[in-house]
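Only one structure is covered here, and it is reproduced in the block below.
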Amino acid sequence: MGVLSNLEPAEVFRYFEEICSIPHPSYREKKLSDYCVDFAQSRGLEVHQDTLGNIVIIKEAAAGYEAVEPLIIQGHLDMVCEKEPGCVIDFEKDGLDLCVEGDYIAARGTSLGGDDGIAIAMALAILADDTLPHPRIEAVFTVSEEVGMEGAGAVDLSMLKGHKLLNLDSEEEGYFLTSCAGGCRANVSLPVSRETSHGTVYHIAVEGLTGGHSGVEIDKGRANSNLALGRVLLALDGVVAYSLVAMEGGLKDNAIPRMSSADVIVAEADGKRLEALIRETEAALQKEYAVTEPGLHIAVKNRGIGDEYTLTEESRKKVLALVNLLPGGIQSMSADIPGLVETSLNLGVLHLNETELKLHYAVRSSVQSAKDFLVEKIACLAGILGGSLTTEGSYPAWEYRKDSVLREDMVRIYREMYGKDPVIQAIHAGLECGLLADKIEDLDAVSIGPDMVGIHTTEEKLSIASTRRVWEFVLRVIACRS
């Protein structure tokens, strides 16, 4: 029996557990994509799979629903793969180690992939059940959502007949998302030169941060470990003579990094002064982030005396300038919607190799011109320091639709079921609805989902009770005849 076999709704959690047993990181979704093809073919359903692994499964209307407009149900196949230090799971080969903690499902040592495995599980459960009342169901499962929505940008939807889309990629029950920011990945490269240096090697690590989704949690005041590391190295500059050996931090551009590290080399006599300065910087950061980052810690380890291949002084200065001077976090708030972040960027990945420093940013804005200007600012500063910028995975904002029949039906059903209105919300995180709206004329879309916490982190959890309630609500929505 599976870990989730005693949970309700049974079929939803059965499919979710099967999904979690199949490796499906971004760009490695083929096994899960093929699983969906086998699922459809075994039930005689129309299925389309493209070369990227995007899937479209079509189930014709149940009796009595032939005249009802088709409904598109959509989610993405890939997950953000994060794991704790020491975790031996290989995301390209191994399934997740699921556990139940009270009302929550989690994965031991790793992220869970509830974003967006629960959407695929719900859609499969709907497609598998021949007793449900429903119109023609057009299930669309995309790949590479977490790395720039590349699947949604490439998927062929010419076989679809529907103009109503229920996206199941949200993480807060009772919130109906009706618009979102656009965005892109911005990749900065700065060439560096190296030389051999001799002295005491110190390993410095910024640890214990909360992390999170760079769209959903960018307004929570959490620290970015890459930026914090840059600040630590800047605090040493001009006080202790040091050479920079290595820098590393973060795993995904759209995840706020939790841990970053650097190796530096100093004269043996300067070791104590270096440690003292780091402790001073740690105290300052702990005070500034006392509320949002109670676990913030800077570890320092003396690795002994030796020779290292370090950055030249000129390259070290440029690296410090680039990391510390490029903007980070919230850049502007919406003037139209109180509390909504309009424009932001997140330095999700920092990597210094033998020949260059690489910085990977997630850039987001609900205003296209603001997004473009922010990218231009990054390119400008990088260029001054001798670096360059490329962008990829650009996706459009999803604009609010005033005359949404789907939204009004869903609000009415929610009110009937729970005696209250849902929250209609715009979000700063990216959703695939904007890209799909470019492919489907007059698309009417709403995004919902069950309660999840800690998405894109090893603390990710999915609420069991919320999943049951959202499932019951989704069944009412698909049974609606308007």
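Ratio of alpha-carbon Rg to the 2.2 N^0.38 Å globular estimate for the range 57-166, to two decimals, please. Mind dumping the intermediate values first?
On the way: Rg = 17.0 Å, N = 110, 2.2 N^0.38 = 13.1 Å.
Against the empirical 2.2 N^0.38 Å value, I get 1.30 for the range 57-166.
Accessible area of D34 (1.4 Å probe, protein heavy atoms only, ligands and nucleic acids ignored): about 50 Å².
Quick one: pull the percentage of alpha-carbon pairs in the range 183-235 with a separation above 16 Å. It would help to have the intermediate numbers written out before the result.
Values: 909 of 1378 pairs.
The calculated P(r) of the range 183-235 puts 66 percent of pairs beyond 16 Å.
Counting only lysines at least 8 places from K164 when in the same chain, those with an alpha carbon closer than 23 Å to its own are K59, K402, K439.
Sorting E172, E376 on solvent-accessible area from highest to lowest, probe radius 1.4 Å, gives E376, E172.
Accessible area of the range 353-453 with a 1.4 Å probe: how many percent of it is carbon plus sulfur?
Numbers: 2390 of 4730 Å².
On the range 353-453, the fraction of accessible area on carbon and sulfur atoms equals 50 percent.
Treating each Cα of the range 177-315 as one equal point scatterer and applying the Debye formula with no solvent, the log10 of I(q)/I(0) at q = 0.09 Å⁻¹ comes out as -0.32. Here the range 4-60 has 52 percent of its accessible surface on carbon and sulfur atoms, given a 1.4 Å probe and all protein chains in place.
Using the crude model of +1 on Lys and Arg Cβ and -1 on Asp and Glu Cβ, and no other charge, please compute the dipole size for the range 415-462 relative to its Cα centre, in debye to 20. Walk me through the numbers on the way to the answer.
Working: 4 positive and 10 negative charges, 42 e Å.
About 200 debye.
Would you mind computing Rg(Cα) / (2.2 N^0.38 Å) for the range 348-482, counting N as its residues?
Values: Rg = 20.3 Å, N = 135, 2.2 N^0.38 = 14.2 Å.
Compactness ratio reported: 1.43.
On the basis of the beta-carbon distance and an R0 of 30 Å, D219 and A267 show a calculated FRET efficiency of 0.10.
Counting only protein heavy atoms and using a 1.4 Å probe, what share of the accessible area of the range 69-156 belongs to carbon plus sulfur, as a whole percent?
Numbers: 1210 of 2560 Å².
C and S fraction of accessible area: 47 percent.
Distance distribution note for the range 219-263: the fraction of Cα pairs above 17 angstrom is 38%. Applying a DSSP loop filter and a limit of 15 other Cβ atoms within 10 Å to the trypsin sites (Lys or Arg not before Pro) in the range 114-205 leaves K161. Hey, if you put +1 on the Cβ of every Lys and Arg and -1 on every Asp and Glu Cβ in the range 236-289, which of V266, A241, I278 ends up farthest toward the positive end of that dipole? Of the listed residues, the answer is I278.
Please report the spacing between the Cα centers of the range 150-202 and the range 218-278 in Å, no decimals. Between the Cα centre of the range 150-202 and that of the range 218-278, the gap is 26 Å.
Spacing of the modelled spin labels on A479 and D438, each 7 Å from Cα toward Cβ, amounts to 3.8 nm. Mind giving me the FRET efficiency for T196 and A63? R0 is 60 Å, r the Cβ-Cβ distance, nearest 0.05 is fine. For T196 and A63, the calculated efficiency is 0.15. The fraction of Cα-Cα pairs per 10 angstrom bin, counted from 0 for the chain, comes to 4, 19, 28, 24, 14, 8, 3, 0, 0 percent, rounded to whole percents.
For the residues K301, K220, a 1.4 Å probe over the protein chains yields an accessible-area ranking, largest first, of K301, K220. Across E18, E459, E432, the residue with the most accessible area heads the list, and the full order at a 1.4 Å probe is E459, E18, E432. Binning the C-alpha pair distances of the range 80-138 at 5 Å intervals from 0 yields a P(r) profile of 4, 15, 20, 18, 13, 12, 10, 6, 2, 1 %, listed from the shortest bin outward. How many nm is it between the label spots at K317 and Y27, if each spot is 7 Å from the Cα in line with the beta carbon? Computed distance between label sites K317 and Y27 equals 3.6 nm. List the lysines whose Cα sits under 16 Å from the Cα of K93, skipping any in the same chain fewer than 8 residues away. Candidates past the 8-residue exclusion: K30, K31, K83.
Entry note, the chain: the mean residue ellipticity at 222 nm calculated from DSSP H runs of n ≥ 4, each adding -39500 (n - 2.57), is -9000 deg cm²/dmol after division by the residues and rounding to the nearest 500. Counting only residues at least eight positions apart within a chain, or on another chain, the aspartates and glutamates with an alpha carbon under 12 Å from that of K301 are D263, E275.
I want the local charge near G174. Using Cβ-Cβ distances under 12 Å, sum +1 for each Lys or Arg and -1 for each Asp or Glu among the other residues. Spell out each step's value before the answer.
Numbers: positive: R415, K420, R469; negative: E171, E172, E173, D421, D451.
Overall, the nearby charge balance is -2.
Please give me, ordered by residue number, the trypsin sites (Lys or Arg not before Pro) of the range 412-482 that lie in loop per DSSP and have at most 15 other Cβ atoms within 10 Å. Answer by residue number: K420, R481.
Report, in debye and to the nearest 20, how large the dipole of the range 285-334 comes out about its Cα centre when Lys and Arg carry +1 and Asp and Glu carry -1 on their Cβ. Present the calculation step by step, with values, prior to reporting the outcome.
Details: 6 positive and 6 negative charges, 12 e Å.
Dipole of the range 285-334, to the nearest 20 debye: 60 debye.
To the nearest ten degrees, helix 271-288 and the longest principal axis of the Cα atoms of the chain are 40 degrees apart.
Between R43 and R303, what is the FRET efficiency for a Förster distance of 51 Å, r being their Cβ-Cβ separation, to the nearest 0.05? Before the final figure, lay out the partial values.
Working: r = 58 Å, r/R0 = 1.14.
FRET efficiency, R43 to R303: 0.30.
Under Stokes-Einstein, with the Kirkwood radius over Cα pairs standing in for Rh, what whole-number D in µm²/s applies to the range 21-117 at 37 °C and 0.692 mPa s? Roughly 211 µm²/s, to the nearest whole number. Protein heavy-atom accessible surface, 1.4 Å probe, per residue over the chain: 40 Å².
Of the GluC sites (Glu not before Pro) in the range 69-106, the ones in a loop by DSSP (not H, G, I, E or B) with at most 16 other beta carbons within 10 Å are E92.
The values are calculated or read from the model by the stated rules, or taken from the named source; none is laboratory data. Computed from a predicted model, the values in this text were never measured in an experiment. Cβ atoms come from the backbone with ideal geometry, glycine included; neighbour counts cover every protein chain shown. Side chains are part of the model used for accessible areas, which takes the heavy atoms of the whole protein and leaves out ligands, DNA and RNA. Shrake-Rupley method; radii C 1.70, N 1.55, O 1.52, S 1.80 Å.
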